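Engineer: Please find one structure pasted underneath; my questions will follow.
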Amino acid sequence: MMSDKILQRMEFLRDELARHDRLYYVEARPEIGDADYDRLYRELEELERKHPEFDDPNSPTKRVGGEPLEGFSQVNHDPPMMSLDKSHSKTELLDFDLALKRLLPEVVPSYVVEPKVDGVAFSILYRNGRLVRAATRGSGEIGDDITANIRTIRSIPLTIPCEAAVVELRGEVFMTRQGFFDLVTRQEAEGSEPFMNPRNAAAGSLKQLDPRVTATRPLDAVLYATGVLEGISFATHAELVDVLGKWGVKTLEWRRFCADMPEVFKAIDELETLRHDFPFEIDGAVIKLADRKHYEALGATSRSPRWARAYKYAPERAETVVEAVTVQVGRTGVLTPVAELRPVLLAGSTIARATLHNADEIARKDIRIGDTVWLVKAGDVIPAVESVIVEKRRGTEVVFEMPQRCPACGGAVSRVTGEVALRCTNPGCPAQLVARLEHFASRNALDIERVGGVVAEALVKSGLVATPYDIFRLQGDALARLDLGEEGKQRLFGAKNGARLLKAAQRARTLPLHRWLFALGVPQIGATVAESVAMCHERFSELPTSQVLRDTVGLYDAMVEAQQSNPRGSANRKLDEAERNELQRRYDTACARIENLGEALVASRAATKVDGESRPARYSTLIKEEAVRALVAYFESEAGRETVRALEALGIDPVSQGLLSGGAGGPLEGMVVVITGTLAAPRHEIANRIKAAGGKVADAVTKATTFVVVGSDPGTAKTERAEKLGVPLITEEELELRLAAEPAVTEEAMVAVQGELF
C-alpha cells in the first residue's frame, strides 16, 4: 500500500536524521554537509505536513520546540535523584575509602574518576527505546517535567537502539563557555538582563515555558548514571559507558579507572590541571565505585549515595579593589557600568576591568567605589565582581549613580519598558558608531581585519567613517595617514595595515547573507537568528519587503488574537451570549488566518506544522517573535532605509549560503580538526578556512578527531591525548597543503550518489 511506503520513508528519514545528529553533535564526525542534511529534513517536514496520521513526538523535526506551556507538571523520582556528599581534602577521600572497606569487607574497591560538570542535573526516561519524559532533579524526590525543552537539545537522542522496557538515564545539561559568552554578548546588546554564569544560563533556559526559546540556547548534555532500569542492567561503570556510546548517548570523554586511592589522587590532580581545557565549566571531580553491583548493597544516607563522592576544587577568585566605575556606550546605545579594578592575576590573566552589567546589579550587590571585592571569571571567560568583602569597608566608599546624560555625546538617556538597561537616544552618538563599526567588522560578522577599538575610534574621529558602510569607500592613502596616537604623539596606521584592511573589506563584499544580517547589529538578531532568517531568503534585497517576515509577524498576531478571543477561555466564561458569539466570530477568523499564514510559511521553509488536528493549528516558526518584529521594524526605520540605500549604492546584495559554493565536497569534508599552540595566521582565520573547506573545528581531542594542527607552544594535554589515541599531529604548513588539495571522491560518496540515483 502507498501509505505503508510513505510511513517507511518517513521512518527512514527520521532514523537517518537522528543518525546524522548523533554523528555531528555527539561523535563530532559528520558524514554529510549542511545542504544534504537540510534536504532530508525538508523532505521529512513535507511528509509530516501531508500525513499527520503518522506524527511522531520524537521526530527530529520536533527539536525546534512547540507551543508555550502554561506551567510545568511535576515528576516523582524513584529512586530519588540525590546529590553527592562533598570532600574538600584528600584526607576526607581517605575516610570515604575506609568507610567503603568497612561496609564491603570482602571487596577491594576500585574507582572511576570523572569531571564534575557545573550544570543542571536532569533525568531522561526511555520506554522501549523512545524518549517519553525528562525532568529536573528538583528536591531530589520531585522534579519538573521539562520533556519539551529537553527534546530541543540535539546531542540528546530521541530514540535509542534498546528494547528494554524502561531505561532512565541521569546526567547534566550545561552550556559551553563559548556558548555562554555569545549568549551574554547578545543579551547585553539587546538590553536584557544577562545570565551571571553558564550554570544559571543552562538552568534559566531549561525552565523556559516556551520551548522555542530553549531551542535557541546553546545547550548540551552528558549522561553518566542510571535511575530505573527494567529489562537491562550494567555490572560496571565501564560497561555502562560502553553501551551508552553504542546507543549514541553522549558521555564524558575524560575518565580514569583507578585501582586504589593513590591512583585517585593522581587522577584528580591531573584533572585539576586540565580544568580550563574543557569547553564547559567543571568545579571538581566525581569519584565513584567502579563496580555497580555493590551500589544497592551500599545504599544511601538521607541525602546522598554511599558509593560516590564529589571532590571540590578550590574556587578560583581574587581579591581586588574597585578604584572607579566608568560607563561604556554600546552599539545599540546601552549604557553599561564597568568596574575599573586594581590589576590582579586571575586564572592565568591579569584583570583590570569587569562589567557590572547595569544599575540594578550594582544595587543588588551594593558595590561602591573603593570597595574591596571578590573577582571571579564567569564561565572562566568573563571577569565579574562576585561579592563585596563588607568587613573591609572603611566608611570612605562612594555609592555610584548612573549618569542622566550620555557620557559620550551628552544626549538624553532613557529606560525602555521591560528592559533593565539605560540607553542613549541620540542616533548620532559617536560612541555608538564606534561600537557599531567594531561589531560590523568583528570575526563573526564581516571579519574585516585591523578595525579594532583604537582604529574604529580613529576612523570615526577623523571623519573618514560616518556609517559602517563607509569602510567600503576608504582609500589606501587616507588609511596610511590615519593617526592612531594620543594627543601630541603621532602613530600612523600605515600603508601595509591599510592594504590589509582594504583587502578584507573587498572579501567581505561576497560573504553570505547571514554574516551580513548579523553585522547590521539589529537588536534581537544574533548569529543563530541571522542564519534562520537567511535560510528562508535568497538575497538581502528581498528583506525590506519580505513577505516571509510579514507573514511570520501576522502569524504571531493571529495566535495572540486566537488566545484572547477563545470563547472557551477561562477569562471569557462569564460573558453573555451576544459577547460570546462575537468572540466566536473573532476566534474563527483568527484560526483561519493562522492556517493560511502557517501554510504559506511552511511552503517558504520558514515554519513547521506541529499539529494540524488542534484548533487553531499549531506551527513552529523558524524565526522567534522578538527577532522578526525587530527586523521588520528595522527595515521600516530610517536606519534600515539608510542601510538599503548604502548597499544599493555600493552594489552589494549578499546572497544566502545555499546559493554560494559552500564547504560541501571540500578537501576537508567530514574531517574534525583540533588546533593547539600559536599559528602564523590568526586562529579564527585558520578556523574559518577549515570550515569553508568542509571541516569542523573542535575544542577537544577525541577518537573522532581527524588530525591536530600543532603551532608553537602547544598545549601538552591536547598533544598527549592525540598521541594516546593515535590521532596524527600536523604542522601549519601541512594544513596548508591539505587545504589546497582537491577533494577526494570516496567510496562512501559514490555509494551515496548511487543511492540517490537508484
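Derivation of every value follows stated rules applied to the coordinates shown; laboratory data play no part. Here the structure is a predicted model, which is why all the values come from computation and not from measurement. We place every Cβ from the backbone using ideal geometry, glycine too, and count neighbours over all the protein chains shown.
Engineer: Using alpha-carbon positions, what is the distance between the centroids of segment 388-408 and segment 296-363, in Å?
Structural biologist: 19
Engineer: Now for a separate question. Quick one: dipole size for segment 424-570, taken about the Cα centre, charges +1 on Lys/Arg Cβ and -1 on Asp/Glu Cβ, in debye to the nearest 20.
Structural biologist: Numbers: 17 positive and 15 negative charges, 111 e Å.
About 540 debye.
Engineer: Turning to a different aspect of this structure: To the nearest 0.05, how large is the calculated FRET efficiency for Arg550 and Arg42 if R₀ is 22 Å and r is the Cβ-Cβ distance? Working shown, then result.
Structural biologist: Values: r = 22 Å, r/R0 = 1.01.
The calculated FRET efficiency here is 0.50.
Engineer: Could you line up Phe174, Phe635, Phe195 from fewest to most neighbouring Cβ atoms inside 10 Å? Kindly include the intermediate steps, with their values, before the conclusion.
Structural biologist: On the way: Phe174 25, Phe635 18, Phe195 21.
Lowest to highest Cβ neighbour count: Phe635, Phe195, Phe174.
Engineer: When a footprinting reagent is the concern and you count Cβ atoms within 10 Å, what order do Ser604, Ser3 take, fewest first?
Structural biologist: Values: Ser604 17, Ser3 10.
Result, fewest neighbours first: Ser3, Ser604.
Engineer: Rounded to the nearest 0.05, what FRET efficiency do Ile369 and Ala480 have when you use their Cβ-Cβ distance and R0 = 51 Å?
Structural biologist: Working: r = 42 Å, r/R0 = 0.83.
My answer for the efficiency is 0.75.
Engineer: Run the simple label-point estimate for His51 and Lys90 please: 7 Å along Cα→C-beta, distance reported in nm.
Structural biologist: Reported label-point gap for His51 and Lys90 is 6.2 nm.
Engineer: May I ask for the equivalent-ellipsoid semi-axes of segment 272-328, computed as the square root of five times each C-alpha gyration tensor eigenvalue and listed largest first in whole Å?
Structural biologist: On the way: eigenvalues 312, 43, 19 Å².
Each semi-axis is √(5λ); the values are 40, 15, 10 Å.
Engineer: Additional query: Would you kindly enumerate the cysteines in the chain that have no other Cys beta-carbon under 4.7 Å from their beta-carbon?
Structural biologist: Unpaired cysteines in the chain: Cys162, Cys258, Cys536, Cys591.
Engineer: Here is a further query. With a 10 Å radius around each residue's Cβ, average the other Cβ atoms per peptide and rank 36-44, 142-150, highest first.
Structural biologist: Details: 36-44: 16.1, 142-150: 21.7.
With the highest mean Cβ count within 10 Å placed first, the list reads 142-150, 36-44.
Engineer: A follow-up question, please. Which value, in debye to the nearest 20, gives the size of the charge dipole of segment 401-450 about its Cα centre, when Lys and Arg are +1 and Asp and Glu are -1 at the Cβ? Could you put the intermediate results ahead of the total?
Structural biologist: Values: 6 positive and 5 negative charges, 22 e Å.
So the dipole magnitude of segment 401-450 works out to roughly 100 debye.
Engineer: Right, another one. Could you please rank Lys574, Lys624, placing first whichever residue has the fewest other Cβ atoms within 10 Å of its Cβ?
Structural biologist: Working: Lys574 8, Lys624 21.
Starting with the residue having the fewest Cβ neighbours, the order is Lys574, Lys624.
Engineer: Still on this structure, I have one more. What is the distance in Å between the Cα centres of segment 238-262 and segment 631-650?
Structural biologist: Here the two parts' Cα centres lie 54 Å apart.
Engineer: Stretched out fully, how many nm does the piece from Ala99 to Asp269 gain, at 0.36 nm a residue minus the Cα gap? Mind dumping the intermediate values first?
Structural biologist: Values: separation 170, 0.36 × 170 = 61.20 nm, distance 2.24 nm.
Full extension from Ala99 to Asp269 adds 59.0 nm.
Engineer: Continuing with the same structure: Which one of Ser712, Ala202, Asn581 has its Cα pushed farthest toward the positive end of the charge dipole of the chain, where Lys and Arg give +1 and Asp and Glu give -1 at the Cβ?
Structural biologist: Ser712
Engineer: Follow-up question, since we're still on this one. Distances longer than 37 Å among the Cα atoms of the chain: what percent of all pairs is that?
Structural biologist: Values: 140529 of 286903 pairs.
Of all Cα-Cα distances in the chain, 49 percent exceed 37 Å.
Engineer: Then there is this: May I ask you to compute the full-extension gain from Arg585 to Glu253, defined as 0.36 nm times their residue separation minus their alpha-carbon distance, rounded to one decimal in nm?
Structural biologist: Values: separation 332, 0.36 × 332 = 119.52 nm, distance 5.80 nm.
Stretched out fully, the Arg585 to Glu253 stretch lengthens by 113.7 nm.
Engineer: Any chance you could run the full-extension gain for Leu229 through Arg641? It's 0.36 nm times the residue separation minus the Cα-Cα distance, nm to one decimal. Please report the intermediate quantities before stating the final value.
Structural biologist: Details: separation 412, 0.36 × 412 = 148.32 nm, distance 6.04 nm.
Gain in length upon complete extension: 142.3 nm.
Engineer: Calculated from DSSP H runs of 4 or more alone, at -39500 (n - 2.57) each and per residue, what is the 222 nm mean residue ellipticity of the chain, nearest 500? Numbers along the way, then the final one.
Structural biologist: Working: 25 runs with 286 residues, N = 758.
Only helices count here, giving -11500 deg cm²/dmol.
Engineer: Ok, one more. Contact order normalised by length for the chain, with contacts defined as Cα pairs under 8 Å and 6 or more residues apart; what percent is it?
Structural biologist: Numbers: 1346 pairs, mean separation 82.0, N = 758.
Normalised by residue count, the contact order of the chain is 11 percent.
Engineer: For the pair Ala649 and Met402, how long in nm is the line joining their label points, each one 7 Å along Cα→Cβ?
Structural biologist: For Ala649 paired with Met402, the spin-label model returns 3.5 nm.
Engineer: So, in Å, what gap is there between the alpha-carbon centers of segment 39-55 and segment 434-506?
Structural biologist: Here the two parts' Cα centres lie 49 Å apart.
Engineer: Just order 199-212, 102-115 by mean Cβ neighbour count inside 10 Å, highest at the front, would you? The partial results should precede the final answer.
Structural biologist: Details: 199-212: 20.2, 102-115: 16.2.
Per-residue Cβ counts within 10 Å, averaged per peptide and sorted highest first, yield 199-212, 102-115.
Engineer: Turning to a different aspect of this structure: If packing is taken as the average number of other Cβ atoms within 10 Å across a peptide's residues, how do 642-651, 368-377, 213-222 rank, most packed first? Could the numbers behind the result be given before it?
Structural biologist: Details: 642-651: 13.8, 368-377: 19.8, 213-222: 21.9.
Answer by packing, highest mean first, reads 213-222, 368-377, 642-651.
Engineer: Describe numerically, in nm with one decimal, the distance between label points set 7 Å from Cα along Cα→Cβ at Asn76 and at Glu163.
Structural biologist: 3.1
Engineer: OK, next. Among Ala412, Thr61, Pro211, whose Cα lies farthest out toward the positive end of the dipole of the chain, if unit charges sit on the beta carbon of Lys, Arg (+1) and Asp, Glu (-1)?
Structural biologist: The residue sitting most towards the positive pole is Ala412.
Engineer: Quick check for me: using +1 on Lys/Arg Cβ and -1 on Asp/Glu Cβ, what's the dipole size of segment 74-312 about its Cα centre, in debye to the nearest 20?
Structural biologist: Numbers: 31 positive and 34 negative charges, 60 e Å.
Roughly 300 debye for segment 74-312.
Engineer: Among Leu597, Val628, Ala135, whose Cα lies farthest out toward the positive end of the dipole of the chain, if unit charges sit on the beta carbon of Lys, Arg (+1) and Asp, Glu (-1)?
Structural biologist: The residue sitting farthest along the positive end of the dipole is Val628.
Engineer: May I ask you to derive the FRET efficiency for Leu729 and Tyr313 from their Cβ-Cβ distance with R0 = 45 Å, giving the value to the nearest 0.05?
Structural biologist: Working: r = 30 Å, r/R0 = 0.66.
Working from the Cβ atoms, E equals 0.90.
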